[in-house]
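A.B. asks: Quick one: this structure, given as structure tokens, is what I'll be asking you about.
The values are calculated or read from the model by the stated rules, or taken from the named source; none is laboratory data. These numbers come from a predicted model, not from an experiment. Heads up, the Cβs are rebuilt from the backbone with ideal geometry, glycines too, and the neighbour counts pull from every protein chain shown. Accessible surface is based on the protein model in full, side chains and every heavy atom, while ligands, DNA and RNA are left aside. Shrake-Rupley method; radii C 1.70, N 1.55, O 1.52, S 1.80 Å.
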Amino acid sequence: MIKIYNAKITDFTQADYTKMYSLLDCALKEKIDSKKNNDDKMRSLAGLILLYRGAYELYGKTGFDITFNKYGKPLCDFCNFSISHSKERVICAFSDADIGIDIQKIDDIKPREKYKFFNQKENFYVNQNDRFISERYTEIFTKKEAAIKMLGLSIANASDIDTFSNEYCFKTQEKDGFVFSICEKKLCKL
């Protein structure tokens, strides 16, 4: 089972954000407070609103603890989830298996021979067609981020992720100028 919740940060009211913030423990409040600007705080809180909505709808949970692994991956004891945000969009995925999700706005990417963290096959794929460089770059980048989140690693491990390998299984979608990718262990067994 994969269930995805997504929203725009403008879908929530200031009251929604205030209520979500009030539910957080001190450590999570500090994490939110450390964000550089108000939009970053809103994106983080919106992701948590989607997490709490999904936890209630899918598992009947209204209060729970969120912990973090050494690389910052958020965890809870009753489900597997992943949160991502980009610009005004936020997305949260739930699964029975380890899962990672990433969403990115498609920005204008200039052609180059080698992109940071990409291997030779990935570079070739991105540069195969000049008309689709930005979309393909964003596709590969979101796949790498989704795999990193599923594995609970850091961005420093991005070069280790081969998005063309059978080791990882992805679902990717482009919609409204954004690309999102899901990486779930269970997908590989289908």
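A.B. asks: With the crude spin-label approximation of a point 7 Å out along Cα→Cβ, what separation in nm comes out for CYS76 versus GLN173?
C.D. replies: 2.2
A.B. asks: On to the next question. About the Cα centre, and with charges only on the beta carbon of Lys, Arg (+1) and Asp, Glu (-1), how big is the dipole of the chain? Nearest 20 debye, please. Please list the in-between numbers first.
C.D. replies: Details: 31 positive and 28 negative charges, 21 e Å.
Here the size comes out at about 100 debye.
A.B. asks: Can you give me the Rg/Rh ratio for the chain, using Cα atoms for both radii and the Kirkwood formula for Rh? Working shown, then result.
C.D. replies: Values: Rg = 16.9 Å, Rh = 17.3 Å.
Dividing the radius of gyration by the Kirkwood radius yields 0.98.
A.B. asks: State the percentage of accessible surface on segment 98-149 attributable to carbon and sulfur atoms; use a 1.4 Å probe and exclude ligands, DNA and RNA. Could the numbers behind the result be given before it?
C.D. replies: Working: 1350 of 2830 Å².
Of all accessible area on segment 98-149, carbon and sulfur atoms account for 48 percent.
A.B. asks: For every helix of n ≥ 4 consecutive DSSP H residues, a contribution of -39,500 (n - 2.57) applies; sum these over the chain, divide by its total residues, and give [θ] at 222 nm rounded to the nearest 500 deg cm²/dmol. Before the final figure, lay out the partial values.
C.D. replies: Working: 5 runs with 67 residues, N = 190.
Result for the chain, helices only: -11500 deg cm²/dmol.
A.B. asks: Express the relative contact order of segment 60-115 as a whole percentage, based on alpha carbon pairs under 8 Å and six or more residues apart in sequence. Before the final figure, lay out the partial values.
C.D. replies: Values: 67 pairs, mean separation 12.8, N = 56.
Relative CO of segment 60-115 lands at 23 percent.
A.B. asks: Holding the Cα-Cα limit at 26 Å, pick out from LYS35/LYS171; LYS3/LYS105; LYS114/LYS185; LYS3/LYS35; LYS61/LYS87 the pairs that are longer than that.
C.D. replies: Details: LYS35/LYS171 30 Å; LYS3/LYS105 21 Å; LYS114/LYS185 29 Å; LYS3/LYS35 28 Å; LYS61/LYS87 29 Å.
Going by Cα-Cα distance, LYS35/LYS171; LYS114/LYS185; LYS3/LYS35; LYS61/LYS87 fall outside the 26 Å limit.
A.B. asks: Could you pull out which residues in segment 148-180 have an amide N less than 18 Å from a spot 7 Å beyond the Cα of PHE124, following the Cα-Cβ vector?
C.D. replies: 161-167
A.B. asks: How far apart, in nanometres, would the label points at ILE155 and THR10 be if each is projected 7 angstrom from Cα along the Cα-to-Cβ direction?
C.D. replies: Rounded to a tenth, the inter-label distance reads 2.7 nm.
A.B. asks: Just need the relative contact order of the chain here, percent rounded to a whole number, with Cα pairs under 8 Å and 6+ apart.
C.D. replies: Values: 317 pairs, mean separation 37.7, N = 190.
About 20 percent, as a whole number.
A.B. asks: Going 7 Å from the Cα of MET1 along its beta-carbon direction, which residues of segment 42-76 have the amide nitrogen within less than 12 Å of the resulting point?
C.D. replies: Answer for this model: 55-61.
A.B. asks: Where in the chain is the longest stretch that carries no trypsin sites (Lys or Arg not before Pro) classed as loop by DSSP and with at most 10 other Cβ atoms within 10 Å?
C.D. replies: Result for the longest clean stretch: 117-190.
A.B. asks: Using a 10 angstrom cutoff on alpha carbons, build the Gaussian network for the chain and name the most mobile of LEU153, LEU51, LEU23.
C.D. replies: LEU23
A.B. asks: For segment 1-80, which chymotrypsin sites (Phe, Trp or Tyr not before Pro) are in a loop by DSSP, counting at most 16 other Cβ atoms within 10 Å? All intermediate terms of the calculation are to be shown ahead of the outcome.
C.D. replies: On the way: sites: TYR5, PHE12, TYR17, TYR21, TYR52, TYR56, TYR59, PHE64, PHE68, TYR71, PHE78; in loops: PHE12, PHE64, TYR71, PHE78.
Those satisfying the criteria are PHE64, TYR71, PHE78.
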